[in-house]
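Peer 1: First the structure, then my questions, so here it is.
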Amino acid sequence: MISTLGHFVLFLGLGVSLYATAAAVYGARAGREDWLASSRNAVLTLLCLITAALFLLEYALITSDFSLRYVANNSTRGSLTRYKIAGLWGSLEGSLLLWAWLQALFSALVVAHHGDRHRSVLPYAQAVLLGITAFFLLVMTFAVNPFATLVPAPLDGRGLNPLLEVTDMLVHPLLLYLGYVGFSVPFAFAMAALITGRLSEEWLKITRRWSVVAWLFLTGGIFYGGWWSYRTLGWGGYWAWDPVENASFMPWLIATAFIHSVMIQERTRMLKVWNLLLVTLTFALVIFGTFLTRSGILASVHAFSDGPVGVLFLGFLALVLLFSLGLIAYRADRLKSHGEMDSIVSRESAFLLNNVLLVGICFTVFLGTVFPLLTEAIRGAKISVGAPYFNRVSVPLGLALLLLMGIGPLIAWGRASLNNLRRNFLAPAIVAVAGAALLFALGVRQVEALLAFLCGFFVIGTIVFEFIVATRTRVRTTGESLLAAFAVLLLKSRRRYGGLIVHLGVVIAIIGIAVSSVYKVEREATLKPNERMEIGPYAIELKELSAGEQATHVLVWAALTVFKDGKPLTELRPGQRFYPNQQTPFASVDARYRWDEDLYTILSTFERDGSSATIKAMINPMIAWIWIGGCVIVLGVIVAVLPERRLALLALRAKAQVA
């Protein structure tokens, strides 16, 4: 029953999406409001249909209906309810259904928010969004049906990949999908502008908040993915330059370039073609990343193996590129810039250099990701491109980007005077050099760490000085309190100051990355019960080995007592999980998480009689700063996109508190 109904709903949804696409285009070209209204109603109908399909699959997962192949492959009777729910996006077919639902949801939000405005471009943007939804429905209807049956139905299922049986699975994929789907909105409006020939800055203003929110979700997904990797995979790191990690990082880089570059076009009407290329490339890289994870060509903990849809996604990617680049070429004569750069020492040039560096890093990552695949396809030889390649190129470019984060927002538009440079950058530069010199005197000798701190101190200095100077100036001119003046500054220039807070978060995260990478301490030792190993200021004592039955696996863990200065500090329980359908165990790490350093432990191997265990321990200094930086980034984006009335309310409350 569920199988038949679910497949019918998907097939009906495909028909509705195709109708809504055609009705929007016809209504716009013929000037028929009735057709446009019908298309908008069809968008809501489509959302209801895909929502029904999503709930049907979730119901089958929760009730353990193993007559569905997808449920049998991604759930068990003993799975916790939250992991049954997460099974929706735990494999190929369900993840496509979730993507289609989010695509329909975003389409409905666009129609609801812009339905009475932007009548010239909205129908075409709506058609592009619905066309993307139709593609995903087409794939599910004819290639990978999430409601396919399994005869005879097994008594129990195989369950999720054990690495996905963590609470993070409920958050990390959703953030990534929201970011991926979110970037379809600026892409759709860019295509609508090209189709209609309305190539002013209107489409940028429409999609400004959509772009920033999509960037926020993708950023959150990447940071949370690092946290999941650190806590779950049992190798003590958060980023391995895995091809699928790179697949999410590449559109993030280009989207970051786009968000900065549009400010130049809005102010000077330059870089029209460049911004269209950036938004196209962002969406194309989203589809490319989807192809990588669902084609079966990668061996990764993030990838869906044996995916039969690789050719379809590759064809869709080619269609997206041909359609968008063809439109840009067709409108080339109307995309000429009306402004020009006055000086190389200006905010425009700083943002442009920022774009070049971001695109350069993206190209480096792309080359390192696809080169092994091309080599294997052409020569049949497997090669690997590891972290040294990516770090050798991305670290210097990243440090240059870090420096530009301090320069770009404060340097003058048009042409920066010597007075502007001295006023904005002299004090932060002195603070940065003094701070780096102090660290050098305290024993910091690693070049990468010193450069990261030097650039980081400079950026923090520019941000702090900007907030202090602007707030004090307002206090002097208006007589407001410091808190009220600061709140009003956020109200009047929320994009500017929200962006500065985002930059502050990036600096905090980069310092955490640099310090935790350079000063990481690692040791491994085989211990018998009541024996100790020393690592840094800690002593770790093995008390005993224990084992216990869990809902879906057997857990073996080592009871460890951590001492510092001869006194017991904490208890840790690293272990290994053994699943009946898996040949190898999976790590269950345990750590003492602190703002200044983490003590991270892994149970590497053990004797079955409990006579000894090999414990791997790591001290990761300042690694928590990476996640703190991510939280600050989220705060900055919220300030940047918060509606004016919300910030006005905050300002009024600040004034009331002072009064």
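Bear in mind these aren't lab numbers, they're just calculated from the coordinates by the rules spelled out. Remember, predicted model here, so these are calculated numbers, not experimental data. Cβ atoms come from the backbone with ideal geometry, glycine included; neighbour counts cover every protein chain shown.
Peer 1: Kindly rank 134-144, 308-318, 275-285 from highest to lowest mean number of other beta carbons found within 10 Å of each residue.
Peer 2: The most tightly packed comes first, giving 275-285, 134-144, 308-318.
Peer 1: Let me ask something else. From zero outward in steps of 10 Å, how is the percent of C-alpha pairs of the chain spread across the bins?
Peer 2: Per 10 Å bin, starting at zero, the Cα-Cα P(r) for the chain comes out as 3, 13, 22, 24, 20, 12, 4, 1, 0 percent.
Peer 1: Between ARG532 and THR149, what FRET efficiency comes out of the Förster formula 1/(1 + (r/R0)^6) with R0 = 56 Å and r the beta carbon distance, rounded to 0.05?
Peer 2: My answer for the efficiency is 0.45.
Peer 1: Now a separate question. Loop-only check: which trypsin sites (Lys or Arg not before Pro) in segment 401-503 are DSSP coil with at most 12 other Cβ within 10 angstrom?
Peer 2: Here the sparse-neighbourhood loop sites are ARG445.
Peer 1: Could I ask something else about it? Starting from the Cα gyration tensor of segment 476-583, multiply each eigenvalue by 5, take the square root, and state the resulting semi-axes largest first in whole Å.
Peer 2: Here the semi-axes work out to 49, 21, 15 Å.
Peer 1: Figure the gain on full extension for LYS564 and CYS48 (residue separation times 0.36 nm, minus the Cα-Cα span) and round it to one decimal in nm.
Peer 2: My answer for the length gained is 179.9 nm.
Peer 1: Across the Cα atoms of segment 59-122, what radius of gyration and what greatest pairwise Cα-Cα distance (Dmax) are found, in Å?
Peer 2: Over segment 59-122's Cα set, Rg and Dmax evaluate to 17.0, 54 Å.
Peer 1: So if we plug the beta-carbon distance of ARG523 and PHE323 into 1/(1 + (r/R0)^6) with R0 = 41 Å, what FRET efficiency do we get, rounded to 0.05?
Peer 2: The calculated FRET efficiency here is 0.15.
Peer 1: For GLU597, what residues show an amide H to amide H distance below 5 Å, using hydrogens built from the backbone and excluding near sequence neighbours?
Peer 2: MET622
Peer 1: What translational diffusion coefficient, in µm²/s and rounded to a whole number, does the Stokes-Einstein relation yield for segment 487-541 at 10 °C and a viscosity of 1.306 mPa s, taking the hydrodynamic radius as the Kirkwood radius over Cα pairs?
Peer 2: Reported coefficient: 104 µm²/s.
Peer 1: Given the pairs LYS382/LYS520; LYS382/LYS616; LYS205/LYS272; LYS520/LYS567, which span a C-alpha to C-alpha distance of over 20 angstrom in this model?
Peer 2: Going by Cα-Cα distance, LYS382/LYS520; LYS382/LYS616; LYS520/LYS567 fall outside the 20 Å limit.
Peer 1: Okay, helix-only estimate at 222 nm for the chain: each DSSP H run of n ≥ 4 adds -39500 (n - 2.57), divide by all residues, round to 500 deg cm²/dmol; what do you get?
Peer 2: Result for the chain: -22000 deg cm²/dmol, rounded to the nearest 500.
Peer 1: Any idea what diffusion coefficient segment 521-624 gets from Stokes-Einstein, in µm²/s, Kirkwood Rh on alpha carbon pairs, 20 °C, 1.002 mPa s?
Peer 2: Estimated diffusion coefficient is 153 µm²/s.
Peer 1: Kindly state, to the nearest 0.05, the FRET efficiency for SER612 paired with PHE142, given R0 = 60 Å and r defined as their beta-carbon distance.
Peer 2: 0.60
Peer 1: Hand me the trypsin sites (Lys or Arg not before Pro) from segment 540-612 located in a DSSP loop with no more than 13 other Cβ atoms within 10 Å, in residue order please.
Peer 2: ARG594, ARG608
Peer 1: Right, another one. With a length cut of 24 Å (Cα positions projected on each helix's long axis) and a Kyte-Doolittle mean of at least 1.6, go through the chain and give me the DSSP H helices that pass.
Peer 2: 122-142, 310-330, 624-641
Peer 1: Please compute the length gained on full extension between THR196 and GLU33, using 0.36 nm multiplied by the number of residues separating them and subtracting their Cα-Cα distance.
Peer 2: The THR196-GLU33 span can extend by a further 57.0 nm.
Peer 1: Could I get the Rg over Rh figure for segment 184-406? Both from C-alpha atoms, Rh via Kirkwood, rounded to two places.
Peer 2: In segment 184-406, Rg relative to Rh is 0.98.
Peer 1: Still on this structure: Report the extension gain between TRP413 and SER493 in nm, rounded to one decimal, defined as 0.36 nm multiplied by the number of residues separating them, less their alpha carbon distance.
Peer 2: 27.2 nm
Peer 1: Using the Cα centre as the reference, give the magnitude of the dipole from point charges on the C-beta atoms of segment 184-406 (Lys, Arg: +1; Asp, Glu: -1; all else neutral), rounded to the nearest 20 debye.
Peer 2: 240
Peer 1: May I have the convex hull volume per residue, in Å³, for the Cα set of segment 595-646?
Peer 2: 113
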